[in-house]
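The structure under discussion appears below in the form of structure tokens.
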Amino acid sequence: MNKTLSAAPLIAKTPANGYQTQKRCDGWYITTHVNKHNATALIEEIGKDLNIPVKVEFIER
């Protein structure tokens, strides 16, 4: 789908060069420092493109 936030992929199989706020989870790199509004909109857009209902929640750690 090649969707990005601020030039960094939200989810990718390989880490983004020079982008330090990614966490590895089950073989995927998840960009963790994102604008919640933009990330929510992007995830909802992906769900719509795939015709899959999604629920987005953020947890604070």
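Read the figures in this text as sums done on the coordinates, not as results from a lab. None of the values given here were measured: they were computed from a predicted structure.
Structure above, values below:
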| quantity | calculated |
| --- | --- |
| Added length on full extension, which subtracts the Cα-Cα distance from 0.36 nm per residue, residue 40 to residue 59 | 5.5 nm |
| Long-range amide H partners of residue 5 with built H, under 5 Å | 10 |
| C-alpha long axis of helix 36-50 to longest principal axis of the chain, angle in ° | 60 |
